[in-house]
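S.K.: One structure is given below, represented as structure tokens, and several questions about it will come after.
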Amino acid sequence: MEEKRVNPPAGSSARMAGVATRAGHPGAGGDLPSREAAWQLVCEWVQSDSLRKHLLAVEAAMRRMAERAGGDPDRWGLAGLVHDLDWERYPTREDHPYRGVEALRQAGFPEDIVHAVLAHADYTGTARESDMDRALYAVDELTGLITAAALVRPDHSLRTLEVKSVVKKMKEKRFAAGVDRQTIEVGAQELGLTVPELTAEALAAMQGIADQLGLAGEPGQPAEKTVTSS
Ligand SMILES: [Fe+2]
């Protein structure tokens, strides 16, 4: 976990930056900020390389889950990309994810994404109402487990990691003990998937961006500490 606290929220510098209007998504919460603007906001708030990679992993998993569920990959991906925006600065239940939500609203993120961010943490009491909410909850911890499972492989590669290995690691309580298994199980159940089915989707998504995650198996690739959060 990141304990470091850095500068206070910069607030307005990224406000509305690059907010693009798109064709409306009736009932889906309005227009989306551009992916570029979202990444700019992430880079403003998050300095930790491992936390940025966690956000990229969840983004990729969310895009894939959207494709599977008939959702909007851009919208679901943004929810994944920003869900832990405030974790580095405010890693407590008093602040996370509420500080991030404030920044997201200021930056013009629609309320369905804000809702998904709130609902990804059980303790907020925000119900998971949409498929996007449920997907974010389901893949958040799972991507951490998959990262940890890749890092203990000799080649540190996602590309040679198999679903069955991840599921086996999930059953080993001492492995990546900070990863909440119950969240993964409940999340899969809420999506109507088995844990291996959910794992297959998340793993495939992460394999698609293995280079960005530093888990493509290049020689000399340094191990990164896994970041997970609520
Ligand atoms: Fe997370």
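No lab work stands behind these numbers, since they all come straight from the coordinates. From a predicted model like this one, the values you see are computed outputs, not experimental measurements. Note: ideal-geometry Cβ built from the backbone for every residue, glycine included; neighbour counts use all protein chains shown.
S.K.: Suppose R0 equals 45 Å; then what is the FRET efficiency for residue 152 and residue 31 from their Cβ-Cβ distance, rounded to the nearest 0.05?
M.R.: Working: r = 42 Å, r/R0 = 0.94.
That gives a FRET efficiency of 0.60.
S.K.: Sequence neighbours fewer than 8 away in the same chain don't count; with that in mind, list the aspartates and glutamates whose C-alpha is under 16 Å from residue 169.
M.R.: Within the straight-line limit of under 16 Å, residue 169 reaches these aspartates and glutamates: 141, 180, 185, 197.
S.K.: Using Cβ contacts closer than 10 Å as the measure, can you line up 87, 39 from fewest to most?
M.R.: Values: 87 26, 39 19.
Result, fewest neighbours first: 39, 87.
S.K.: Cα centroids of the stretch 26-84 and the stretch 167-181: how far apart, whole angstrom?
M.R.: 25
S.K.: For residue 32, which sequence-distant residues (separation of 5 or more, or a different chain) have an amide H within less than 5 Å of its own amide H, given hydrogens modelled in the peptide plane?
M.R.: Under 5 Å from the amide H of residue 32: 22.
S.K.: Figure the gain on full extension for residue 92 and residue 175 (residue separation times 0.36 nm, minus the Cα-Cα span) and round it to one decimal in nm. Don't skip to the end; give the middle numbers.
M.R.: On the way: separation 83, 0.36 × 83 = 29.88 nm, distance 2.39 nm.
Between residue 92 and residue 175, full extension yields 27.5 nm more.
S.K.: In debye, nearest 20: dipole of the stretch 33-213 around its Cα centre with unit charges on the Cβ of K, R (+) and D, E (-)? Each step should come with its number before you reach the end.
M.R.: Numbers: 22 positive and 30 negative charges, 148 e Å.
The dipole magnitude comes to about 700 debye.
S.K.: Let me ask another. How about the stretch 76-183: which GluC sites (Glu not before Pro) there are in a DSSP loop, with at most 13 other Cβ atoms within 10 Å of their Cβ? Before the final figure, lay out the partial values.
M.R.: Details: sites: 88, 94, 102, 111, 129, 141, 162, 172; in loops: 88, 94, 129, 162, 172.
Answer by residue number: 94, 129, 162, 172.
S.K.: Arrange the following residues from fewest to most other Cβ atoms within 10 Å of their Cβ: 175, 109.
M.R.: Numbers: 175 14, 109 27.
Final ranking by Cβ density, sparse to dense: 175, 109.
S.K.: Here is a follow-up. Full-extension gain between residue 211 and residue 49, please, as 0.36 nm times their residue separation minus the C-alpha to C-alpha distance.
M.R.: Details: separation 162, 0.36 × 162 = 58.32 nm, distance 1.36 nm.
57.0 nm is the gain from fully extending residue 211 to residue 49.
S.K.: Right, something else. Show me, for the stretch 74-87, the HN-Hα J-couplings you get by feeding each phi into the Karplus relation (A = 6.51, B = -1.76, C = 1.60, θ = phi - 60°), rounded to Hz, glycine and proline as x.
M.R.: Along the stretch 74-87, the couplings run 5, 5, 5, x, 4, 4, x, 5, 10, 5, 10, 3, 9, 4 Hz.
S.K.: With each pseudo-label sitting 7 Å past Cα toward Cβ, what's the residue 162-residue 74 distance in nm, one decimal?
M.R.: Distance between label points: 3.9 nm.
S.K.: When a footprinting reagent is the concern and you count Cβ atoms within 10 Å, what order do 173, 168, 53 take, fewest first?
M.R.: Details: 173 8, 168 12, 53 21.
Result, fewest neighbours first: 173, 168, 53.
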